[in-house]
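The values are calculated or read from the model by the stated rules, or taken from the named source; none is laboratory data. Keep in mind that this is a model prediction, so the values were computed, not measured. For neighbour counting, all protein chains shown are included, and Cβ atoms are generated from backbone atoms with ideal geometry for every residue, glycine included. Ligands, DNA and RNA are stripped out before the accessible areas are found, and what is left, the full protein with its side chains, is counted by its heavy atoms. Shrake-Rupley method; radii C 1.70, N 1.55, O 1.52, S 1.80 Å.
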Amino acid sequence: MTVEDRDQTQTVRLSVLGMRCAGCVGEVEGALRAVSGVTSADVNFADHTALVNGQADIEALKTAVREAGFEAAVMEGLDDLGGQEDQEDARYRSLLNKAKVAALLGVPLMLGAHFGWFPELGTVAGARFWSIVSALTLAVMYYSGEHFYVGAIRSFKLRQANMDTLIALGTGAGWLFSTAAIDFSDILPAGSNHAYFEAAAIILAFINLGSALEMKARGKTSSAIRQLIGLQPRTARVVREGLEIDVPIADIGLGETLRVRPGEKIAVDGLVLEGHSSIDESMLTGEPIPVEKNAGLEVIAGTINGNGSFLFQATRIGRDTLLAQIIGSVRLAQASKPAIARLVDKVAAVFVPVVVGIAAFTFLVWWVFGPSPSLGYAFVTAMTVLVIACPCALGLATPISIMVAVGRAAQKGILIRNGDALQSAGKLTCVVLDKTGTVTLGKPSVASVETAEGYDADGVLRLAASLETGSEHPLAGAIIAESDRRGLARVPVQMFQAMLGRGVQATIEGHSVLLGNQAYMDENEVDCGELSGRVGELAKQGQTPVLLAADGKAIGLIAVSDPIKADSAEAIAKLKALGVRVLMVTGDNPITAQAIAAQAGITEVRAQVLPQDKATVVKELQGRGEVVGMVGDGINDAPALAQADVGFAIGTGTDIAIESGDVVIMRGSLLKVAEAMILSRATVLNIKQNLFGAFIYNTLAIPVAAGLLYPAFGLLLNPMIAGAAMAMSSVTVVSNANRLRSK
């Protein structure tokens, strides 16, 4: 794919209506992938959405879904979930009404059949009565079950089978058999002239009720997205031509000045111009302590202002805000499929045809070998097999857990970008940590400046800052910041060269000047004199010594200190308690690295490792059988993050590199890595519980429905009970997944 192709590739999110089982997922995905220009299509059964990547025409996508027997609408903007909720609420009420209508007919018929209130088939009165019941049942089937029958017909035309197929076959066969029995009861085997109209109605009542309850329970899984979307205000106060006016956030332009008053939500990302306040960023970062903001600092859309008031300039609006990126990231993760889900999809694709085959086989066995009336027994058992085997719970087992877990992680300030990462994080056996910005604060400052005889500290700092101008290295930032604090003017630099992981050199005022670590000085045969002894002493204190040399002689030493984060030691202890091996990999010198590691409780250290070699370290550990997680800043550590089984990108504020890792830690706390692992393990366990329940349910229910217990115990499963059990199995799966909300 060319760069131009990648630029044109888009991701379209569709709301898909009408899906009722795992088989529907395959049908929609197949229809979407067949559209010209589509590179990938993933359907999430849990929230009834589809993510389509490629360059396909949107109308073509909607048409493809419609032809497959479903309806689709494009979801755009941050508040599109509200429209989807309205649709689902209307669908929920419709399902309840369908269940009520079916029950109004089915329950009296069931009671009347049990107590013998109705005339028998084969009599004149019976023919009249049951003909009326047949017509009423047909009307109820049309109102309460039309979507099942239409779906079954469309699936048949596509040579596929799904839940609709099973329900349509079961209830349709029940109505046809019962209607035929009205006029031909005399030719049916003795005792088999029974009407099953109540079974067809009650089955539809239970299945519609189950679908409604499932939809209600499933709605809770999107609470994280709803809360994130709810963070964005509808309007904001903009300063235009000296006046402060309230405008919709869609009308805010880049560079505009906005006023934020006490207690208000911030509308877009920006930089504080004047004023001071504290901002509650807990919903985005999971950190409860408000963050102080004053001129020059960034504010994030969706966060909540405290008691102060300030002006800020809009720097990111609309879909470019951090909030929009987070919502997009959460949605992508919720829709993605881990390996365990892809396996379930394959199973579901063949499950329904196999069930139809089992039902047909059951019918034949009972008809040929069953007791009298064999035809009646054959019909009841086959219908029960079809109804109880609907694979709704199987289709929901994985995606519903993924949705809840990803949403819960987002609330804790952990962005999980794909389902595989969520599945793999709990399996990690080794976590590799970068030092600067990961274990340490990543905000180094100059602790001291020492000089050789004949030189002064300001002169050394002036030269060092001149060399480091334009560098993005954290140590360079510390040196420049200290130079600026002292008001030192920088000098022009010529013939600049940077040696990655070692240092820099240039010509300044006719002198050859080098700035770097001890190894860099040794490579260039620099005489460090008395400063050499201080290098080791400072390193033992956890400080990073940087040497400055001019014309082959060391003239100064700058000690840079980057203290560890307040919670690093606690986080390392938690990772070890989870049975994880912790390894710190840094480009710093061994003595400093060991000093920092000791403070954090890390016993394994790899020092003086260049950025490009960190991926090699990860690969080496993987070669030894370790499942490796890499934690880094998401930019310099990108190769290692990509190589790791799970890459954790450390993000700070809005400088977050969402594309760099599988998991993004919003506020840089290492505690979040352990929390992500714990949530991953809980999620995988939850998925396994759901799958176990779904598979065991079908494994046990189908043989029982087929009559396995009849020879020994005389027990047969009623089709109506089968319908209720099938519906409740889905509700159970959704309820179990929602337990993850408390993790």
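For Leu343, work out the one condition from (1) open to solvent by less than 50 Å² (accessible area, probe 1.4 Å); (2) part of a helix (DSSP H, G or I); (3) at pLDDT below 80; (4) farther than 30 Å from Met666 by Cα it doesn't fulfil.
(1)
Does the stretch 142-181 hold any residues that are part of a helix (DSSP H, G or I), at pLDDT below 80, in contact with a helix residue (DSSP H, G or I) (Cβ under 7 Å, 6 or more places away or on another chain) and open to solvent by 50 Å² or more (accessible area, probe 1.4 Å), and which are they?
If the condition is that a residue be part of a helix (DSSP H, G or I), at pLDDT below 80, in contact with a helix residue (DSSP H, G or I) (Cβ under 7 Å, 6 or more places away or on another chain) and open to solvent by 50 Å² or more (accessible area, probe 1.4 Å), then Leu169 is the only one that fits.
What number of residues within the stretch 309-320 are open to solvent by 60 Å² or more (accessible area, probe 1.4 Å) and in contact with an Asp or Glu (Cβ under 9 Å, 6 or more places away or on another chain)?
The total comes to 3.
Each row is one residue, and each column tells you yes or no for (1) under 23 Å from Leu415 (Cβ atoms); (2) open to solvent by 60 Å² or more (accessible area, probe 1.4 Å).
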site: Lys265; (1), (2): yes, yes
site: Asp269; (1), (2): yes, no
site: Val272; (1), (2): no, no
site: Asn307; (1), (2): no, yes
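Let me confirm something: among Arg91, Arg66, which residue is at pLDDT 80 or above and open to solvent by 60 Å² or more (accessible area, probe 1.4 Å)?
Of the residues listed, the single one that is at pLDDT 80 or above and open to solvent by 60 Å² or more (accessible area, probe 1.4 Å) is Arg66.
Quick check on the stretch 705-731: of everything there that is open to solvent by 90 Å² or more (accessible area, probe 1.4 Å) and of a type outside the set (Phe, Trp, Tyr), which residue is modelled with the lowest pLDDT?
Ile721
If only one of Val627, Val631 is open to solvent by less than 50 Å² (accessible area, probe 1.4 Å) and closer than 21 Å to Leu441 by Cβ, which one is it?
Val631 is the lone residue from the list that is open to solvent by less than 50 Å² (accessible area, probe 1.4 Å) and closer than 21 Å to Leu441 by Cβ.
If a residue must be in a loop (DSSP other than H, G, I, E, B) and modelled with pLDDT under 80, how many such residues does the stretch 41-55 contain?
4
Would you confirm, using the coordinates I've provided, whether Leu547 is at pLDDT 85 or above and buried (at least 22 other Cβ atoms within 10 Å of the Cβ)?
yes
Against the conditions (1) open to solvent by 60 Å² or more (accessible area, probe 1.4 Å); (2) more than 25 Å from Gly26 (Cα to Cα); (3) among the hydrophobic types (A, V, I, L, M, F, W, C); (4) modelled with pLDDT of 75 or more, where does Ile187 fall short? Just the number, please.
Just one mismatch for Ile187, condition (4).
Among the residues of the stretch 425-447, what is the count of those that are crowded, with 22+ Cβ neighbours inside 10 Å and over 30 Å from Gly477 (Cβ atoms)?
Residues in the stretch 425-447 being crowded, with 22+ Cβ neighbours inside 10 Å and over 30 Å from Gly477 (Cβ atoms): 3 in total.
Can you tell me which residues in the stretch 567-594 are within 21 Å of Gly477 (Cβ to Cβ) and either under 31 Å from the mean Cα position of the chain (by Cα) or among the hydrophobic types (A, V, I, L, M, F, W, C) (or both)?
The answer is Ser568, Thr586, Ala593.
Of all residues in the stretch 95-141, which are in a helix (DSSP H, G or I) and among the β-branched types (Val, Ile, Thr)?
Correct list: Val101, Val107, Val124, Ile132, Val133, Thr137, Val140.
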